[in-house]
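The values are calculated or read from the model by the stated rules, or taken from the named source; none is laboratory data. Everything quoted here is computed from the prediction, not taken from an experiment. Backbone-built Cβ (ideal geometry, glycine too); neighbour counts: all protein chains shown. Just so you know, the surface numbers come from the protein's heavy atoms only, side chains and all, with ligands and any DNA or RNA stripped out. Shrake-Rupley method; radii C 1.70, N 1.55, O 1.52, S 1.80 Å.
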Amino acid sequence: MSDQPFWAQGDYVGGRPIRVEGGIRIHAAKGAVARTWWSARFLSVLEQLGVGGRLSRGKTYARSGQIVSLDVDAGAAVALVQGTRPQPYRVRIGLRVWDKPEWRRVEEALAADAWYAAALLAGTVPPEIEELLDGLGLSLFPAAGTDLSQDCTCPDATVPCKHLAAVFYVLAERCDTDPFTLLTLRGRDRGTLLERLREERDRAAGATAPSGPAALADLLDDFWTAPVGGTAPPRPPETEPDAVLDQVPEPSLRAGADTLTDLLRPVYRALVHPDR
């Protein structure tokens, strides 16, 4: 048994972390991790909380594939991160889930304009979504460290530790390619949200149109029945067959003293009224 206290053991005695075969890693070999404005916004909270060299060491962990597993679900991202000890550390990053009334307002707002769902499906988060959510009193992104819960089983009492930072960076890169990651953390995965939006659009359409088998049968029964009463709509005024010639520019071609339009006019009239 070691004579060192627990806080001086493991990752604190130096040495390289145990290599992970097939570990989850970020693809950014150097420089900034976030490639989009929304993942950068997510990482900004981490950078505000950054302590010493933990962020840089966390980025190194993320680049070298020290994350054994990562599961993103409503309210939390849970990961196993391999350090210098044989047993990987369990990391959890929690974000408040929107409750049912909040999600109902969000779904109604998103369903009112299909462009939002189309943008998310195309892999982007339109900046306008921030304004939309702000009008509902909500924010897709954590505004500060107090909006997040952060836990790691490593002995480091400082938050965030390098293991938490590594998971943050992997999450940010995942958000780059799949913006539904943020919505999943808020409580709606991709499939559930798209289904709710479809149901909301159908519900809104059903409020102004007949629906259901009985209503459809009634429409089919009366389909071939002439309307009772009323008058037929007036016939549109008859248009002269050569009127189209007056809607196009006069060609520069001429036949003696006559323009091309003058020559074509009797032809157009004869095609429609051959008896004239």
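Tabulated results
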quantity: Which listed residue, of Ile26, Ile18, is modelled with pLDDT under 95, surrounded by fewer than 18 Cβ atoms within 10 Å (Cβ to Cβ) and among the hydrophobic types (A, V, I, L, M, F, W, C); calculated: Ile18
quantity: Leu164 vs. criteria farther than 16 Å from Arg41 by Cα, touching a strand residue (DSSP E or B) at 6+ places or on another chain (Cβ under 6 Å) and not in a loop (DSSP other than H, G, I, E, B); calculated: yes
quantity: Some residue of the stretch 166-175 being under 13 Å from the mean Cα position of the chain (by Cα), surrounded by 14 or more Cβ atoms within 10 Å (Cβ to Cβ), at pLDDT below 95 and farther than 30 Å from Gly206 by Cβ; calculated: yes
quantity: Residues of the stretch 37-54 that turn out to be within 23 Å of Leu140 (Cβ to Cβ) and either charged (D, E, K, R) or open to solvent by less than 30 Å² (accessible area, probe 1.4 Å) (or both), as a count; calculated: 8
quantity: Neighbours by Cβ (under 8 Å, 6+ apart or cross-chain): first from the stretch 83-100, farther than 18 Å from Leu148 by Cβ and touching a residue at least 12 places away in the same chain (Cβ under 8 Å); second among the hydrophobic types (A, V, I, L, M, F, W, C) and surrounded by 15 or more Cβ atoms within 10 Å (Cβ to Cβ); calculated: Gly83/Cys154; Pro88/Val68; Pro88/Leu80; Pro88/Val81
quantity: Residues of the stretch 142-170 that turn out to be among the small types (Gly, Ala, Ser) and in contact with a Lys or Arg (Cβ under 8 Å, 6 or more places away or on another chain), as a count; calculated: 3
quantity: Any hit, the stretch 186-193, residues being in a helix (DSSP H, G or I), in contact (Cβ under 8 Å) with a residue 40 or more places away in the chain and open to solvent by less than 50 Å² (accessible area, probe 1.4 Å); calculated: yes
quantity: Matching option when the condition is open to solvent by 30 Å² or more (accessible area, probe 1.4 Å), of a type in the set (A, V, I, L, M, F, W, C), over 21 Å from Leu121 (Cβ atoms) and modelled with pLDDT under 90, among Ala204, Ala232; calculated: Ala232
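Each row is one residue, and each column tells you yes or no for (1) closer than 13 Å to Val81 by Cα; (2) without any contact (Cβ under 8 Å) to a residue 12 or more places away in the chain; (3) in contact with a helix residue (DSSP H, G or I) (Cβ under 6 Å, 6 or more places away or on another chain).
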residue	(1), (2), (3)
Ile18	yes, no, no
Glu21	yes, yes, no
Ala28	no, no, no
Ala32	no, yes, no
Val51	no, no, no
Ser56	no, yes, no
